[in-house]
Amino acid sequence: MAKVVALVSGGIDSPIAAYLIGRATEVELVPVYFDNYPFSGETTRNRALACCRKLSKILNITDLYIFPHGENLLEFVKNCRRKLTCVLCRRM
């Protein structure tokens, strides 16, 4: 069975996309959350993790990966032009 990485945020779009892919295909879904603290708070993280818990019950997900990404963003803000921050974040 193929594995598919699903980037899950604290918003509504990413968990819905993960659900639709997980239900429509024969893949093992692996949710990944990039923790952007201090740029995002604990509420965002808790919302994302709650979505992952619900997805795990529906789609039989066993793994969840959380990557600390806030320090990377701090370095981008300190060392790069502000208008490039989003591009560099996505590139990372």
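The values are calculated or read from the model by the stated rules, or taken from the named source; none is laboratory data. Quick caveat: nothing in here was measured; it's all calculated off a predicted structure. Don't worry about glycine lacking a Cβ; one is built from the backbone with ideal geometry, like all the others, and counts go over all protein chains shown. What goes into the accessible areas is simple: the full protein's heavy atoms, side chains included, and nothing from ligands, DNA or RNA. Shrake-Rupley method; radii C 1.70, N 1.55, O 1.52, S 1.80 Å.
Applying 1/(1 + (r/R0)^6) with R0 = 25 Å to the Cβ-Cβ distance of ASP13 and VAL87 gives a FRET efficiency near 0.80. Dipole of the chain computed with +1 at Lys/Arg Cβ and -1 at Asp/Glu Cβ about the Cα centre; of ASN46, PRO68, LEU84, farthest Cα towards the positive end is LEU84. Accessible area per residue for the stretch 1-86 is 69 Å², calculated with a 1.4 Å probe on protein heavy atoms, without ligands, DNA or RNA. Fraction of C-alpha pairs exceeding 20 angstrom in the stretch 1-81: 35 percent, rounded to a whole number. A simple spin-label model places pseudo-atoms 7 Å from Cα toward Cβ; at SER56 and GLU71 they are separated by 2.5 nm.
For the pair CYS80 and GLU28, the difference between a 0.36 nm per residue extended length and the Cα-Cα distance amounts to 15.0 nm. Ranking PHE39, PHE34, PHE76 by solvent-accessible area of protein heavy atoms (1.4 Å probe, all protein chains present), from largest to smallest, gives PHE39, PHE34, PHE76.
Would you work out what percent of the accessible area of the chain, with all protein chains in place, is carbon or sulfur (probe 1.4 Å)? With neighbouring chains kept in place, the figure for the chain is 57 percent. Taking a straight line from the alpha carbon of LYS83, not one of the lysines sits under 18 Å away once near neighbours fewer than eight places off in the same chain are left out.
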